[in-house]
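One structure is given below, encoded as structure tokens.
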Amino acid sequence: MMMEEEVKVEVETAAPQPQPQAAPAAPAAPREPVSTVLADTVQFLASTIVIAIFVIVFLAQAFQIPSESMEETLLVGDYLLVDKVHYGEGGLWGKILPYDSVRRGDIIVFKWPIKPGNHFVKRVIGLPGDRLRMLRGRVFVNGQPLNEPYADFRARNHDFYRDDFPNVRYRSQQVSDAWWDEFPGFIRNGELVVPTGHYFVLGDNRDQSLDSRYWGFVPRENIVGKPFLIYLSLEPPAPEAMAARTNDKMERFGYVLVNLTGLARWNRMMRVVP
């Protein structure tokens, strides 16, 4: 009897223990409705557009160089970004943002006084109160010759109106009627005096620029901003290549796009405007 009890005890002791139950699998995450994804995408695009509009309206603007008047500093086909708040004035924003005053030598983009819908880019030569004159193309400001390493003189002939302004001997055909009547009133002792709130501008390509010599001063309120970056630069297509195209802008754009590699001036892209 004693032996049977001992065996029974051993059997009961060696019995297998119950295995723990596996945890139930987590439920799959609910799939986001297509309408929610679409709404998020639309919201992102709308926000991007709003930011782009804000930048264009208030901070920066793109501008293309259409003529040779600023060569060699800026070339035809250069695309610029213009800082529109660089010359902001007064008020609360004037204490927060790093505004600057217009300085002699600055390159500016401005609304052409004759047709404000057109934008020009030139270099500031005369500030309010400055006395200016030119002698055989050399600029004098307040009686002192102006150092202009950027100026480019290409014409071989001497033009009395262009090179000796304001002491001109005849009227150039390119001078506006209003300026021809007005500018003698700003001359004092053979020098042109820049009035308050206005600026006198010239192109760096001094012999091929229609500037303040031909149409007058730039009012302060016409200044749009200061260009700071050449973000794209394209060699102008050959005239015969463009003449073969129609007046359709999309066709012309397609031609430039296809020939982008050959037209791109890579060494000028992303260059800071001096």
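A short reminder: the numbers here are calculations on the coordinates, not readings from a lab. A quick note: this is a predicted structure, and the numbers were derived from the prediction, not measured. Cβ placement follows ideal geometry from the backbone for every residue including glycine, while neighbour counts extend to all protein chains displayed.
Hey, fewest Cβ within 10 Å first, where do I108, I187, I230 land in order?
I187, I230, I108
Where does each of R156, R171 land when they are ranked from fewest to most other beta-carbon atoms within 10 angstrom?
Fewest to most other Cβ atoms nearby, the residues stand as R156, R171.
Across region 151-161, in residue order, what do the Karplus-derived ³J(HN,Hα) couplings come to in whole Hz, using 6.51 cos²θ - 1.76 cosθ + 1.60 with θ = phi - 60° and x for Gly and Pro?
So the J values, rounded to whole Hz, are 5, 10, 10, 10, 6, 8, 8, 8, 10, 5, 6.
With label points built 7 Å along Cα→Cβ from the Cα atoms of M270 and S172, find their separation and express it in nm.
Between M270 and S172, the simple spin-label model gives 3.9 nm.
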